[in-house]
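For reference, the structure discussed in these notes is given below.
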Amino acid sequence: MARSAGTVTWHWLTSRAFTTDMAYEHKEIEKKWREEWRKRGTYRVANDPARPKYYVLDMFPYPSGAGLHVGHPLGYIASDIVSRYKRHKGFNVLHPMGYDSFGLPAEQYAIQTGQDPAKTTEVNIMRYREQLDNIGFCFDWDREVRTSDPAFYKWTQWIFIQLFHSWYNAEAGRAEPITTLIGRFEAFGFSGIDRRKLTGDEDMEAPTFTAEEWKGFSETQREAVLQHFRLAYRSEAWVNWCPALGTVLANDEVKDGVSERGGHPVERKRMPQWSLRITAYAQRLLDGLDQLDWSESIKEAQRNWIGRSEGALVKFPVVGSDEVVEVFTTRPDTLFGVTFITLAPEHVLVDKLVTAERRAEVMAYVAEAKNRSERERQADVKRVSGAFTGAYVKHPFTGQDVPVWVGDYVLVGYATGAVMAVPGGDQRDWNFATHFGLPIIAVTEGADITKEADERKDATLTNSGFLDGLKVPQAITRAIQELENLGRGEGRINYRLRDAAFGRQRYWGEPIPVYYENGLPRTLPEERLPLELPAVDKFLPTEDGEPPLARAKDWTFRVVGPSGVEDHPLETTTMPGWAGSSWYFLRYMDPGNMERFASPEAIDYWHQVDLYVGGSEHATGHLLYFRFWTKFLFDRGWLPFDEPAKKLVNQGMIQGISMMAKVTVDRSSGMERYLVLPKEKHGTSGAFDRNYLIDHVTFKDGRYYIDEEGAARTRAKEATFREFHLDAPVVELTPVVEKMSKSKFNVVNPDDIIERYGADTLRLYEMFLGPIEQSKPWDTNGIEGTYRFLRKFWNLFHGAEDAFTVNDEAPTKPELKVLHATLKKVSEDIERLSFNTSVAQFMIAVNELGSLKCNKRSVLEPLTIALAPFAPHIAEELWQKLGQTDSITTAPWPAYDESHLVEDSFSYPISFNGKTRLQLEFPIALDPKSVEEQVLANPEVQARLEGKAPKKVIVVPKRIVNIVV
RNA sequence: GCCCGGGUGGUGAAAUGGUAGACACGAGGGACUUAAAAUCCCUUGGUCCGCAAGGGCCGUGUGGGUUCGAGUCCCACCCCGGGCACCA
């Protein structure tokens, strides 16, 4: 983008034409090796138990129509370097790539254009593949997976079926076949106490029954019970319904009350819905984090998402009714401070409890609260609203009547959807009580409840009967004890985590392998998988709101039974985007397997992912489901490990620099006339920001401008009804760092960079930009440095007229020092994924070897191997020129030898009170005592001491001397 | 509000508690060249003193602290990025 692109290109082409000594021809070299590697199958990986393995995985991309921009490959380059490095170190490295190819954009495009998403996805994948190939990754493409490929999603469906036929045995702490549960029912029935031991679904409304009753149940009755236990189940659930997309969205697909993709409004609706019981795994998902080498921020995000809180379930019997209001509280110690109960507006008991005289008011409030969007509720945090139901519950300890209110500060989706209000101890309850004039009781010593609630967790209880004088933690334990004695409650751990909605009213996803027989869900037999996506005439929901699959002809499953041939309707919803990505890492291990998702041998060999690289935006979505499915497959004996990835690295985002101008638009002539304003006119009314295409911008002295030529080019590219003019001959533009996106005109395409500088330069530059985990703006200006570096590296091997001049002379001491210092630094840096500093070290090495005029094989050969993971094309070319016939990728990593780095002497910085004043050189071997003596004897030191004796002298060998005066 | 990151030259950045600013971009100067490109050399945190060689002072968001010594450790605060949020 920098200087006017046209000018640079011209110079570059002409220099190529007239010079002979600059012969690093990246285009030829890279093309040659791309073909050669393909021909030789250099990157093919075999499952070879004789060799140690290393599994490096990238989060696979969704192949969008826009193609790759320079931000996408950042993580892939990093993982590619590690893969190649580990290969040099003797590991058998699995480094695969594939496509997360089901998704909403393809479907939206299909709806707009009528084209089959399978076809457009195929086209996008071809383009991605081409772009990825240009960068020179060492992916084994024979192992490619695509989530939308029936051969792949057959196994996604298979895992779903296993989930359906499994339940979570809380007592054993693992998932088991549903048959073990049925066995228990047949033997013991299902009683109240079993509930806590047998299922994660503690709030289930399933009735208790005896073994005899179970045996007498109809199939429908049995299935209704089992649905409370299956890990894949159908239930009525509150869902995020998006009318514009005609589909249900997961919580993390909704941002600010609109769909993340497309930005359409979303409303809360209760629908029958396939769900996965991830909540059964809440504790294990939490505990497992401790052993993972993942960034603290991701682990924290998952902990927050799971949201474990310890407390108690308290039962408040409704006065004059059989109903009981159950609340969850983390502070059962404050029970004596309860002055009212608040239900969420959506709570099922609201309708049952409200008294006749209050019904109108309460229902009006409920209707209003339900209609308020999430967004409104968020924007309006300060407003207190609620209504009294007229009903009362009995306090479990005092037996007093406690009024029941409804308030929208209580969320139906969290815990029981009801709170015991302790205005003396909880600020939100205090606000509510103050607003409605309800009593506030102080239950902690030293609380001033006239101003605010006392939420201290180290307080001492008061006004609290048998809890008086106890500190909060002891009081909590004591209160729970008492609740359990009275049968009015129990200790309870609550999780914020919800079960995952698994059905989508969409076309472009895996069909759920279920049919319905007399209304009962049945899974397809394994041999009938995959259940392939049917052809449809339109990709929209049907006129009566059925999902698109309902449009398919004969969307039924044929069963030949004793009563003859029967066609049963198939499920019409499809799986969400995260289904395939929850297990794809296993398929790479054995992608062609027709019998299993992967053979036990392949799984035993490749085991867990050793290094997983991807964006942090998947912190609570993909990465949680990924862990959940792995734990499930482990429980059921299909995997020997229960965490998918040992180490996770989140690469930062590469942002774009947008060129922002203030613009006014004049439509008076029927033509849109955009006028770009110079700085002094930015205040003009009606002026708005507009980004300019970066290659129409000129760069001078660190500032960006658009001139008449740029305006003319913009004009040429724009729609015919739009004109661009400048309000001054040259207008300065403001660079703004933003997400790279087509609409912001700030996308940099890797293909363009590769065309001009080569893939090796691109790879080096992306690594050189800064630490891998950090987000940073892309600025093509700096790329010259890495390009220059590669040319200097090339020139170490070549003399005038591009003659290959490497010789077999013995290396000198300084040459060996440069080499081994570089090998040491680079080896250590790759291990800790510090690629930017590795590149810097290579630059130092090349600069120093250049000064030393070193063209010796014994130095350059190991250096070439070390550079190969970063810049594989040039390294392979030079390797061949060095006379090697095997690919450089098979060369063993050159070990560094510390002996070349040993110095005889060290130049000590001599500091006074920590401030460096002079340098004195001493032999390394000299003991600290002698160093001190010699330093103090030095005339300059003496002069600085002005005859005074130093208070103290600190000598740190090979580091520093500090004189305290 | 809570939880994670992070604040270092004009810019991207580097620095096991031990010489802050490696490496690179940009900028300035010079060599080569008819000219340009490419290449090479020098300067480049701020400021002050000096003709110069050289030297002084300040400097890693702010204010304290620990230490012989702090970008790094501790406390408080400010700002930026990300995540979560009437979470009971």
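The values are calculated or read from the model by the stated rules, or taken from the named source; none is laboratory data. A quick note: this is a predicted structure, and the numbers were derived from the prediction, not measured. Every residue, glycine among them, receives a Cβ derived from its backbone with ideal geometry; neighbour counts consider all protein chains shown. When the accessible area is computed, the model is the full protein with side chains, heavy atoms only, and any ligands, DNA or RNA have been set aside. Shrake-Rupley method; radii C 1.70, N 1.55, O 1.52, S 1.80 Å.
Answer yes or no: is there a residue in the range A:141-151 that is closer than 30 Å to A:D751 by Cα and open to solvent by less than 10 Å² (accessible area, probe 1.4 Å). Full working, then the answer.
In the first step, residues of the range A:141-151 are kept if they are closer than 30 Å to A:D751 by Cα; the result is A:141-149.
Imposing the further condition that a residue be open to solvent by less than 10 Å² (accessible area, probe 1.4 Å) reduces the set to A:145, A:147.
Yes: one or more hits.
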**Report entry** One residue from A:Q919, A:Q942, A:Q934 being open to solvent by 30 Å² or more (accessible area, probe 1.4 Å), of a type in the set (S, T, N, Q) and within 13 Å of RNA strand B (Cβ to nearest atom)
**Finding:** A:Q919
Query raised in the report: Does A:P541 qualify as being under 33 Å from the mean Cα position of the chain (by Cα), in contact (Cβ under 8 Å) with a residue 60 or more places away in the chain and over 28 Å from A:V145 (Cα atoms)?
Result: yes
Report summary line: Only one of A:A23, A:A78, A:A50 is small (G, A, S) and away from RNA strand B (no atom under 16 Å from the Cβ), namely A:A50
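Yes/no matrix, rows are residues, columns are (1) of a type in the set (K, R); (2) farther than 18 Å from A:E517 by Cβ:
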site: A:E546; (1), (2): no, yes
site: A:T556; (1), (2): no, no
site: A:S563; (1), (2): no, no
site: A:E571; (1), (2): no, no
site: A:A579; (1), (2): no, yes
site: A:P591; (1), (2): no, yes
site: A:R596; (1), (2): yes, yes
Report task. Answer with yes or no whether A:Y515 is free of Cβ contacts under 8 Å to residues at least 60 places away in the same chain and buried (at least 20 other Cβ atoms within 10 Å of the Cβ). Result -> yes
Query raised in the report: Do any helices (runs of 4 or more DSSP H) entirely within the range A:150-265 hold 1 or more residues that are at pLDDT below 70, and if so, which?
Result: A:192-198
Query raised in the report: Right, A:S827: at pLDDT 95 or above and of a type in the set (S, T, Y) or not?
Result: yes
Requested in this report: Of all residues in the range A:62-93, count the ones that are under 22 Å from A:D590 (Cβ atoms) and out of contact with any Lys or Arg (no Cβ under 7 Å at 6 or more places or on another chain).
Outcome: 4
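Restricting to the range A:704-732, and then to whatever is within 16 Å of RNA strand B (Cβ to nearest atom) and either within 18 Å of A:G656 (Cβ to Cβ) or not charged (D, E, K, R) (or both), can you tell me which residue is modelled with the lowest pLDDT?
Only one residue fits best here, namely A:Y704.
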Query raised in the report: Going through the range A:620-640 one residue at a time, which ones are within 16 Å of RNA strand B (Cβ to nearest atom), surrounded by fewer than 22 Cβ atoms within 10 Å (Cβ to Cβ) and hydrophobic (A, V, I, L, M, F, W, C)?
Result: none
Query raised in the report: Across the range A:800-847, what is the total count of residues that are closer than 30 Å to A:S79 by Cβ, without any contact (Cβ under 8 Å) to a residue 40 or more places away in the chain and assigned to a helix (DSSP H, G or I)?
Result: 8
Requested in this report: Scan the range A:573-599 residue by residue and report those that are open to solvent by less than 10 Å² (accessible area, probe 1.4 Å), in a loop (DSSP other than H, G, I, E, B) and farther than 14 Å from A:L633 by Cα.
Outcome: A:M575, A:P576, A:Y588, A:M589
Query raised in the report: Here are A:E773, A:E784, A:E766: which of them is open to solvent by 10 Å² or more (accessible area, probe 1.4 Å) and either more than 8 Å from RNA strand B (Cβ to nearest atom) or not in a helix (DSSP H, G or I) (or both)?
Result: A:E773
Query - Flag if A:T460 is touching a helix residue (DSSP H, G or I) at 6+ places or on another chain (Cβ under 7 Å) and among the hydroxyl-bearing types (S, T, Y) - result: no
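Yes or no: A:V902 surrounded by 12 or more Cβ atoms within 10 Å (Cβ to Cβ), out of contact with any Phe, Trp or Tyr (no Cβ under 8 Å at 6 or more places or on another chain) and not charged (D, E, K, R)?
No; evaluated as a whole, the condition is false for this residue.
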Query raised in the report: Among the residues of the range A:87-94, is any within 30 Å of A:P771 (Cβ to Cβ) and touching a Leu at 6+ places or on another chain (Cβ under 9 Å)?
Result: yes
Query - Criterion violated by A:E898 - all others in (1) modelled with pLDDT of 85 or more; (2) touching a Leu at 6+ places or on another chain (Cβ under 9 Å) satisfied - result: (2)
Query raised in the report: Among the residues of the range A:562-570, is any under 36 Å from the mean Cα position of the chain (by Cα) and surrounded by 12 or more Cβ atoms within 10 Å (Cβ to Cβ)?
Result: yes
Report task. Could you list, in sequence order, all residues of the range A:407-430 that are modelled with pLDDT of 90 or more and surrounded by fewer than 20 Cβ atoms within 10 Å (Cβ to Cβ)? Result -> none
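Every residue, every condition in (1) open to solvent by 50 Å² or more (accessible area, probe 1.4 Å); (2) in a loop (DSSP other than H, G, I, E, B); (3) under 23 Å from A:R127 (Cβ atoms), yes or no:
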| position | (1), (2), (3) |
| --- | --- |
| A:L68 | no, yes, yes |
| A:S83 | no, no, no |
| A:G90 | no, yes, no |
| A:A110 | no, no, yes |
Query raised in the report: What number goes with the only condition from (1) farther than 21 Å from A:R84 by Cα; (2) touching a residue at least 24 places away in the same chain (Cβ under 8 Å) that A:V953 does not pass?
Result: (2)
Query raised in the report: In this structure, is A:E543 modelled with pLDDT of 90 or more, of a type in the set (D, E) and open to solvent by 20 Å² or more (accessible area, probe 1.4 Å)?
Result: no
Report summary line: Just one listed residue, out of A:K853, A:K792, is open to solvent by 50 Å² or more (accessible area, probe 1.4 Å) and either in a helix (DSSP H, G or I) or in contact with an Asp or Glu (Cβ under 9 Å, 6 or more places away or on another chain) (or both), and it is A:K792
